[in-house]
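Read through the structure below, which is laid out as structure tokens, and then see the notes.
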Amino acid sequence: MTAVQPSLGESIRRAIQVRLRPLVERWKSFSQTRFGSMVARAFSTNAAWIFLLLLVLMFIFNFLAPGKFLTEFNVRSMAENVAVLLVIAVGETFVMGTGGIDLSVGYVLLFSGVTSAQVMNWGGKDPTNSGWDVVFLGFAVAIGSGFAWGVLNGLVVAKAKVPALIATLGTLGMSWGLAEILSNGQDLRYLPSIIADMGASRVVFDKVPLVVVVAIIVAVTGAVILNLTRFGRYTVAIGSNQEAARRAGINVDRHLISVYAMSGTLAGFAGFMSLAIFTTTTISGHANDNLQAIAAVVIGGTSLMGGVATVAGTTIGVCIPMVLFSGFTILGYQSFWRDVAVGAVLILAVYTDQLRRRRRERR
Amino acid sequence: MADPLLQARGIVKNYGHVEALRGCDFDVYPNEIVALIGDNGAGKSTLIKILAGSEQADAGEIYLDGRRIHVGTPFEAMRLGIETVYQDLALAPDLDGSANLYLGREVMMPGFLGKLGFLDNRTMRAGARKAFGELGVDLQNAQSAVANLSGGQRQSVAVARSVAWASKVVFLDEPTAALGVIQTARVLETVKRIRDRGVAAVLISHNMRQVLEVADRIEVLRLGRRVARFDRKGATIEKLVSAMTGGIAEEGAA
């Protein structure tokens with residue numbers, strides 16, 4: 001008898017192992033270093049991979065459409081289009097971090113914009129030349145409307161124990177219907193010129209739209225709260241194991257109400273931003289905001305099951321559909337390809353999250 | 001013997017038509033490990049949940065240091081110095097060991113930042129390292145989510161959390177159920193260390209050998225009542241099993 005020959009597959013596997021070993025060793029020693037462990041930890045989450053995907057997409061589009069995609073104009077308009085969505089997605093990140101979901105954000109945004117615009121149009125007089133007092137009132141109404149819907153969502157989820165999916169589907173319908181009733185389905189086009197100026201103004205060497213700066217401030221604040229404060233810690237603790245949080249003495253109901261209230265308030269804020277950008281209530285323009293926000297949050301690596309949430313991921317997750325949309329449009333493809341691609345990425349994101357969960361369950 | 005540290009008298013708890021506890025008594029003395037044993041459905045877990053505040057008794061009284069107490073929530077129990085290690089661990093699996101140890105009791109940054117709600121993660125990590133070190137738990141990666149730890153390490157985190165905060169009593173509901181030999185020994189060692197720190201430990205276990213090994217005293221529940229009490233010296237596996245299964249008629253007869 002001759003010695004048993006290793007099969008072809010086996011020898012290939014061995015060859016690969018031999019080749020890869022130095023690389024693996026180098027990676028191991030690298031990941032022991034302070035910087036290395038940071039990198040390793042970053043790539044154990046979805047956010048880093050998604051960021052890589054974003055860079056690759058931008059590279060590809062820039063390669064296919066040189067001088068058209070990464071222009072100052074195109075980048076600015078992409079950022080402007082993404083600003084409002086980012087604000088509601090930050091709130092959504094907290095909600096989904098608790099293991100919940102807020103379907104109502106897009107229509108709470110709309111409702112807040114409508115009530116805000118109507119208050120500024122009070123008495124039927126043209127508000128174009130109104131002063132800061134009227135603007136401030138409109139702002140307060142937008143914030144207050146969003147806050148009220150958010151508190152309602154929170155109460156229904158936390159106290160009445162209605163599943164978040166249904167609770168916020170209910171308030172979605174209610175806020176949508178009421179927005180249409182209040183406005184008679186007509187867009188209000190007259191707003192104080194101060195608001196329009198704000199929406200059009202640019203800062204930082206006159207290049208970056210103010211609304212983009214505001215959205216970035218919201219995102220950075222959200223990231224700080226989520227990662228560094230007790231509020232953020234409780235948010236993921238509740239999403240990770242609500243019962244454990246309750247037993248640890250955390251007032252889970254109150255915290256859930258706060259999180260939904262925050263999401264609603266940010267939606268109200270986004271409603272006001274939308275007024276500033278479009279200088280009208282854009283009643284028919286927010287049909288998909290909620291799903292886009294949720295998709296962005298999930299693509300960014302926040303777990304559908306709760307317990308893991310990242311605002312940085314969400315920010316990238318908001319950008320990817322926008323880059324796809326812009327890229328496909330510039331290349332002359334139908335922009336609906338974006339929806340196809342985003343759908344696929346969404347499924348992939350949730351699939352990898354499930355894989356990660358299953359892997360660790362086996363330990 | 002000293003006065004009991006924790007006393008339960010005539011605890012009744014019904015779940016619909018099921019009588020989980022029917023006038024159950026229970027005593028814990030200072031500086032002891034008392035084992036609470038009984039067959040499945042005897043009411044051990046229910047009793048612990050009531051004493052730890054996560055369930056409410058339908059009737060009965062609880063005394064701590066001779067004073068009648070009302071334990072309406074787990075939080076109240078914790079404030080009284082009563083901690084529980086639950087069977088299902090009650091950890092937040094996505095958070096790291098330090099975050100779990102300090103869950104609900106976070107250390108805040110000093111001054112203004114703390115008022116704003118900023119966490120002092122550095123202090124908490126140092127405290128966690130110390131607390132885990134005391135139990136001989138070596139968490140190689142302290143910043144790794146608890147879900148990534150082995151079953152034994154997870155259990156150690158849960159035990160460490162209770163021990164770190166308890167000043168009177170720690171309840172341990174089947175703390176070694178999911179553990180290997182070495183980790184079981186380590187957890188039992190921890191239980192002894194709890195006692196040596198002047199805190200009473202109540203151990204629920206199905207493992208009679210383990211009970212006889214670590215417990216100073218043993219109380220037996222059957223069908224929602226206490227039916228027997230043993231000192232470790234007077235107890236044998238046969239006597240315990242017999243009490244659990246009804247071989248001994250009622251308390252006091254033994």
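Here, each number is a calculation from the coordinates, and none is a lab measurement. What you see is a predicted model; the values in this text were computed from it and never measured. Here the Cβ is made from the backbone with ideal geometry for all residues, glycine too, and neighbour counts use every protein chain on show.
Largest first, please: the extent of the C-alpha atoms of the range B:142-254 along each principal axis, to the nearest Å.
On the principal axes, the range B:142-254 reaches 54, 27, 25 Å in Cα extent.
Which of B:G53, B:G127, B:G224 moves the most in a Gaussian network model of chain B with Cα springs under 10 Å?
B:G127
What are the residues whose amide H is under 5 Å from the amide H of B:E32, where those residues sit 5 or more places off or on another chain and H is modelled from the backbone?
Here the answer is B:A200, B:A201, since their amide H atoms fall under 5 Å of that of B:E32.
Could you check the spin-label model distance between B:E189 and A:V162? Points 7 Å from the Cα along Cα→Cβ, value in nm.
Here the modelled spin labels are 5.5 nm apart.
In sequence order, what are the phi-derived ³J(HN,Hα) couplings for the range B:34-48 according to the Karplus relation 6.51 cos²θ - 1.76 cosθ + 1.60 with θ = phi - 60°, rounded to whole Hz, with x for glycine and proline?
Karplus values, whole Hz, x for Gly and Pro: 10, 8, 10, 10, x, 5, 4, x, 6, x, 4, 5, 4, 4, 4.
Using only Cα atoms and rounding to the nearest 10 degrees, what angle (0 to 90) does helix B:181-196 make with the longest principal axis of chain B?
Taking Cα atoms only, the helix is inclined about 80 degrees.
If you take the beta carbon distance between B:D65 and A:D206 as r and set R0 to 60 Å, what does 1/(1 + (r/R0)^6) give as a FRET efficiency, to the nearest 0.05? Intermediate values should be presented prior to the final figure.
Values: r = 72 Å, r/R0 = 1.19.
The pair B:D65/A:D206 has a calculated efficiency of 0.25.
Please give the calculated 222 nm ellipticity per residue for chain A, where each DSSP H segment of at least 4 residues contributes -39500 (n - 2.57) and the sum is spread over every residue; nearest 500 deg cm²/dmol?
Values: 16 runs with 275 residues, N = 363.
Value at 222 nm, helices only: -25500 deg cm²/dmol.
Distance from the Cα centre of the range B:78-117 to that of the range A:145-189, in angstrom?
So the separation of the two Cα centres works out to 34 Å.
Using all C-alpha to C-alpha distances in chain B, build P(r) with 10 Å bins and read off the rounded percent in each one.
With 10 Å bins starting at 0, P(r) equals 7, 30, 34, 20, 7, 1, 0.
Mind checking which lysines have their Cα closer than 27 Å to the Cα of A:K161? Skip sequence neighbours fewer than 8 apart in that chain.
By straight Cα distance, A:K161 reaches B:K13, B:K49.
Work out from phi, with θ = phi - 60° and the Karplus expression 6.51 cos²θ - 1.76 cosθ + 1.60, the ³J(HN,Hα) of each residue of the range B:200-211, listed in order in whole Hz, and give x for Gly and Pro.
7, 10, 10, 10, 9, 8, 9, 8, 4, 4, 4, 4
Measure nothing fancy, just the Cα-based angle from helix B:151-165's long axis to the longest principal axis of chain B, in degrees from 0 to 90, nearest 10.
The answer is roughly 90 degrees.
For an R0 of 45 angstrom, estimate the FRET efficiency from the Cβ-Cβ distance between B:D196 and B:V12 and round to the nearest 0.05. Intermediate results must be reported in sequence, preceding the final value.
Values: r = 35 Å, r/R0 = 0.78.
The value I calculate is 0.80.
Compute the distance in nm between two label points, each set 7 Å from the Cα along the Cα-to-Cβ direction, one at A:D253 and one at A:E10.
Result for the modelled spin labels: 6.5 nm.
Nearest 10 degrees, 0 to 90: what angle lies between the long axis of helix A:289-299 and the longest principal axis of chain A (Cα atoms)?
Rounded to the nearest ten degrees, it is 20.
Under a point spin-label approximation (7 Å from Cα along Cα-to-Cβ), what is the B:R209-A:L291 distance to one decimal in nm?
For B:R209 paired with A:L291, the spin-label model returns 6.1 nm.
Less than 19 Å apart at the alpha-carbon level, and either on another chain or at least 8 residues along: which aspartates and glutamates does that give for A:K68?
Of all the aspartates and glutamates, those that pass the test against A:K68 - Cα under 19 Å, at least 8 places apart if same chain - are A:E80.
For B:G23, which sequence-distant residues (separation of 5 or more, or a different chain) have an amide H within less than 5 Å of its own amide H, given hydrogens modelled in the peptide plane?
Residues meeting the criterion, in which the H sits 1.01 Å from N, are B:I11, B:V12, B:K13.
Using the Kirkwood radius over C-alpha pairs as Rh, can you work out the diffusion coefficient of the protein assembly as shown via Stokes-Einstein at 20 °C, viscosity 1.002 mPa s, in µm² per second? Intermediate values should be presented prior to the final figure.
Working: Rh = 27.9 Å.
After rounding, the answer is 77 µm²/s.
Just the number, please: percent antiparallel of the DSSP beta bridges in the protein assembly as shown, rounded to the nearest 5. Could the numbers behind the result be given before it?
Values: 27 of 45 bridges.
Close to 60 percent.
Enter the per residue convex hull volume of the range A:210-363, computed from alpha-carbon coordinates, in Å³ rounded to the nearest integer. Can you show the working numbers first?
Values: hull volume 20.4 nm³, N = 154.
It comes to 132 Å³ per residue, whole-number rounded.
If you build the Cα gyration tensor of the range A:47-361 and take the root of 5 times each eigenvalue, what three semi-axes come out, in whole angstrom, biggest first?
Working: eigenvalues 178, 149, 54 Å².
So the three semi-axes of the range A:47-361 are 30, 27, 16 Å.
Write down the percent of antiparallel bridges among all DSSP beta bridges whose residues are both part of chain B, to the nearest 5.
In chain B, DSSP labels about 55 percent of beta bridges as antiparallel.
May I ask you to evaluate 6.51 cos²θ - 1.76 cosθ + 1.60, the Karplus curve with θ = phi - 60°, for each residue of the range A:65-82 and list the ³J(HN,Hα) values in order in whole Hz, giving x for glycine and proline?
10, x, x, 10, 7, 8, 9, 4, 4, 5, 4, 5, 5, 4, 4, 5, 5, 8
Hey, with R₀ at 45 Å, roughly what FRET efficiency would A:V220 and A:D126 work out to, going by the Cβ-Cβ distance, to 0.05? If you can, show how the numbers build up before the last one.
Values: r = 37 Å, r/R0 = 0.83.
The value I calculate is 0.75.
Using Cα positions and a limit of under 25 Å, work out the lysines in reach of B:K130, with same-chain residues fewer than 8 apart set aside.
B:K168, B:K192
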